[in-house]
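Chemist: One structure, as structure tokens, below. Some questions next.
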Amino acid sequence: YSGNYGYPSEEGLIDDTNSVIDFLKLKQGIDTKAMDFEAHSLGCAVLLNTLAKRVSSNADESYGDLLLMSPFKNMRAEAESKYMPKFLSYFITDKWDSFDALPKLTGRVNCIRFLHGKADKVVPSKHSNELHEQALKHSINSELIKLENIGHNNIRRDMK
């Protein structure tokens, strides 16, 4: 994120997220079924892709509730929705594909709540619509909540 040093990668952020989950599970003895997660924007993609990879190698692992605030479908769709022409989006190397990660979580999460501000000018709320539809299509218990007069970076602060 702006102001941080280094160059984060998909692999590095997924490794970091796995480290947190493994610490809670292995060192603190917390069952992953009791773990609820909250994420915002890019964090939603990090979380969904981490959990999708974990379930492919951990047949017994499932999770509690996910609260996803201002998620995007995938990096290419996000770039095309606002920032760049479609042909340039094909040069994006990090995919962060939340749309394709969701089906892998079927039967592995308790509930996913998509929370999106209708005034979000960074990630259009249509991304949450499409992710919610994808979750329902794959029989994942989910809810879509749209908030009036809430933008991208004030979604937590102004939800009173």
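Chemist: So how far apart, in nm, are the two label points at Ile145 and Asp15 if each is 7 Å from Cα heading toward Cβ?
Modeler: 3.5
Chemist: Calculated FRET efficiency, Ala59 and Glu38, Cβ-Cβ r, R0 35 Å, to nearest 0.05?
Modeler: On the way: r = 26 Å, r/R0 = 0.73.
My answer for the efficiency is 0.85.
Chemist: Between their Cα atoms, which of Lys25/Lys137; Lys33/Lys126; Lys33/Lys53 are more than 20 Å away from each other?
Modeler: Details: Lys25/Lys137 30 Å; Lys33/Lys126 30 Å; Lys33/Lys53 16 Å.
Violating the 20 Å limit, Cα to Cα: Lys25/Lys137; Lys33/Lys126.
Chemist: Moving on. Can you tell me the Rg and the Dmax, both Å, for the Cα atoms in segment 4-77?
Modeler: Every Cα atom of segment 4-77 included, Rg and Dmax give 12.8, 38 Å.
Chemist: Set the Förster distance to 41 Å, then compute FRET efficiency between Leu24 and Lys118 from the Cβ-Cβ distance, nearest 0.05. Before the final figure, lay out each step's value.
Modeler: Working: r = 34 Å, r/R0 = 0.83.
The computed FRET efficiency comes out at 0.75.
Rule-based calculations on the coordinates, nothing more; no lab input. Note that this is a predicted model, so its numbers are computed, not measured. Here the Cβ is made from the backbone with ideal geometry for all residues, glycine too, and neighbour counts use every protein chain on show.
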